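Colleague: I have a structure here, written as structure tokens, and I will follow up with some questions on it.
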Amino acid sequence: MSRPGTSADRAGPDRTLGLNGLVRTKVASAAAHAGTWRWWAQVAGVYVAARIVSACIFMAAALHQGVNPWFPAEPDYWNFINIWDARWYGEVLRNGYPSQLPVDESGNVQENAWAFYGLFPMLGRALSAMTGLDPALALTFIAMASGLGAALVVYCLFRQKTGHRTAMWAVVFFSTFPVAAVLQVPYAESLNLLLLASALLLVMQRRYLWAMPVVILMCLSRPTGVPFAAMVCGLLAYRLWLRNRAAAPGSPAAQHSGRDLAALAGLAAVSGLSALIWPAIAWAVTGDPAAYTNTETVWRGHDLVPFKPWFDTGIQLFGPVLGVLAPFVFVAVFGLAMTSPPVVALGAELRLWCVCYMGYLLVFLHPQTSTFRMLLPLFPLALGAALLSRSRAYRGTVVTMFVLLQIVWIVWLWAWAELPGGGDYPP
């Protein structure tokens with residue numbers, strides 16, 4: 001037997017170090033090889049890898065899923081991702097929307113399908129009819145394909161403001177965000193993000209006429225039409241201010257800008273009208289002008305009062321004094337973030353979108369556990385996070401924390417665990 005300190009004793013650690021070095025070399029070689037791929041292949045590779053990680057988290061959580069309202073304990077992956085709102089979309093796909101709002105004995109509107117916009121289930125119905133796919137599988141396929149398309153468009157959007165490497169890191173942040181797992185389940189978020197990113201890209205390229213049909217479809221996928229219309233109106237005001245400063249009336253520059261401004265004004269009008277399409281459809285079918293808003297407020301348990309739910313939630317979480325201050329602190333922190341150099345680098349369009357969308361949430365949203373999912377349209381901030389530092393340690397830490405928080409989101413909110421008073425927090 002060799003004594004400690006001999007060459008035989010040192011061989012184990014040396015071999016270990018050699019193996020670790022070999023692994024690092026292989027990983028570096030694979031990364032270098034992937035760096036030679038076309039941009040779309042790199043983006044697709046990142047996004048698919050992120051979704052595989054999410055699928056593993058879903059499957060691990062499903063192994064611990066107990067009794068629930070939908071299926072036996074320990075479901076398979078496909079059953080596990082087809083719960084919560086996915087069931088509502090499946091109901092719409094199979095049976096459509098009710099012509100009369102369901103009410104209780106007191107005449108109060110009950111939960112119903114009008115809260116779920118029609119484009120996503122309509123596409124699922126079309127795909128199911130053409131291919132014979134099960135409706136749930138058709139919706140899942142559309143969600144996954146839309147998520148991949150969104151990642152590709154998001155990269156193109158980010159490339160308007162930065163180089164390839166930073167844009168790729170921003171796509172990594174987008175793909176691994178703590179609630180990004182929802183992009184592979186039968187929810188409309190992935191379709192909405194695809195259309196939203198496409199509309200923002202067209203606006204940044206000043207292709208306002210091309211953006212109009214995209215915005216109409218976006219407004220039929222999820223309720224993002226109001227903040228988008230506010231963003232376009234704000235951008236129009238900003239462009240008018242720049243035009244008045246930059247060129248005298250009648251000059252060639254002013255005339256060219258005038259054509260852009262006319263198209264932008266048209267987009268503002270289309271966006272505003274499109275935001276009303278879904279409530280108008282609900283009114284036309286049910287005969288109730290407030291069909292959509294009455295349905296939406298069912299889940300919050302009271303009528304819509306702008307801003308008030310944020311103060312109510314603040315008081316519930318932090319007490320009567322700090323709870324009243326909490327929304328103001330939140331707004332101040334968000335305002336500071338919007339004025340930070342990495343976010344300023346996003347440009348007027350993306351910053352204005354983030355401000356308008358957050359303003360929309362503050363006015364209309366009832367903050368709850370679903371709020372985390374509703375932060376996805378703030379995806380331009382992923383580029384701000386990537387611009388904050390070029391350090392590999394920083395960027396790697398962000399991705400690691402995002403994946404860990406994704407585990408928390410799936411185990412805490414997606415998996416069903418009945419509360420003492422019944423029900424569970426929605427994801």
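The values are calculated or read from the model by the stated rules, or taken from the named source; none is laboratory data. Owing to the predicted nature of the structure, the values given are computational and were not obtained by experimental measurement. Cβ sites come from the backbone with ideal geometry, for glycine too, and all protein chains shown count toward neighbours.
Colleague: Which count do you get for residues in the stretch 150-204 that are of a type outside the set (Ser, Thr, Tyr), closer than 23 Å to Ser221 by Cα and assigned to a loop (DSSP other than H, G, I, E, B)?
Modeller: Residues that pass the stated criteria total 6.
Colleague: Okay, next question. Any residue in the stretch 172-195 that's in contact (Cβ under 8 Å) with a residue 60 or more places away in the chain and of a type in the set (Asp, Glu): show its pairings with residues that are in a helix (DSSP H, G or I) and surrounded by fewer than 24 Cβ atoms within 10 Å (Cβ to Cβ) at Cβ separation under 7 Å, as long as the two are six or more apart or on different chains.
Modeller: Glu189/Arg373; Glu189/Leu376
Colleague: Quick check on the stretch 280-303: of everything there that is under 20 Å from Ser106 (Cβ atoms) and assigned to a helix (DSSP H, G or I), which residue is nearest to the chain's Cα centre (by Cα)?
Modeller: The residue in question is Glu296.
Colleague: Among the helices (runs of 4 or more DSSP H) lying completely within the stretch 304-366, list those that include at least 2 residues that are within 22 Å of Val232 (Cα to Cα).
Modeller: 322-338, 341-344, 348-364
Colleague: Criterion first (closer than 26 Å to Ala284 by Cβ, more than 14 Å from the chain's Cα centre (by Cα) and modelled with pLDDT under 95) does Arg125 satisfy it?
Modeller: No, not satisfied.
Colleague: Here is a further query. Between Leu264, Leu352, which is within 30 Å of Tyr155 (Cα to Cα), more than 24 Å from the chain's Cα centre (by Cα) and surrounded by 18 or more Cβ atoms within 10 Å (Cβ to Cβ)?
Modeller: Leu264
Colleague: I'm told Leu378 meets every condition in (1) free of Cβ contacts under 8 Å to residues at least 24 places away in the same chain; (2) under 30 Å from Val203 (Cα atoms) except one. Can you identify the failing condition by its number?
Modeller: Exception for Leu378: condition (1).
Colleague: Being over 15 Å from the mean Cα position of the chain (by Cα) and farther than 21 Å from Asn79 by Cα is the filter here, so list the residues in the stretch 130-156 that pass it.
Modeller: Correct list: Met130, Cys156.
Colleague: Has the stretch 125-132 got any residue that is part of a helix (DSSP H, G or I), among the charged types (D, E, K, R) and touching a residue at least 24 places away in the same chain (Cβ under 8 Å)?
Modeller: Checked against the condition, which is being part of a helix (DSSP H, G or I), among the charged types (D, E, K, R) and touching a residue at least 24 places away in the same chain (Cβ under 8 Å), the stretch 125-132 yields at least one hit.
Colleague: What number of residues within the stretch 291-321 satisfy the criterion of being exposed (fewer than 15 other Cβ atoms within 10 Å of the Cβ) and of a type in the set (Gly, Ala, Ser)?
Modeller: Going through the stretch 291-321 one residue at a time, the tally reaches 2.
Colleague: Taking Tyr117 as meeting all but one of (1) surrounded by fewer than 21 Cβ atoms within 10 Å (Cβ to Cβ); (2) not in a helix (DSSP H, G or I), write down the number of the exception.
Modeller: (1)
Colleague: Continuing with this model, one more query. What pairs come up if the first residue lies in the stretch 208-228 and is over 21 Å from Ala282 (Cα atoms), the second is surrounded by fewer than 20 Cβ atoms within 10 Å (Cβ to Cβ) and hydroxyl-bearing (Ser, Thr, Tyr), and their beta carbons are under 8 Å apart, counting only those six or more places apart or on different chains?
Modeller: Nothing qualifies.
Colleague: Say we look at the stretch 61-70 and pick out the residues that are of a type in the set (A, V, I, L, M, F, W, C) and closer than 14 Å to Glu418 by Cα; which of these is surrounded by the most Cβ atoms within 10 Å (Cβ to Cβ)?
Modeller: The extreme case among them is Trp70.
Colleague: In this structure, is Ser271 surrounded by 14 or more Cβ atoms within 10 Å (Cβ to Cβ), without any contact (Cβ under 8 Å) to a residue 60 or more places away in the chain, of a type outside the set (A, V, I, L, M, F, W, C) and farther than 23 Å from Val355 by Cα?
Modeller: Criteria not met by Ser271.
Colleague: Leu183 - would you say it is under 29 Å from Ala126 (Cα atoms), crowded, with 24+ Cβ neighbours inside 10 Å and hydrophobic (A, V, I, L, M, F, W, C)?
Modeller: yes
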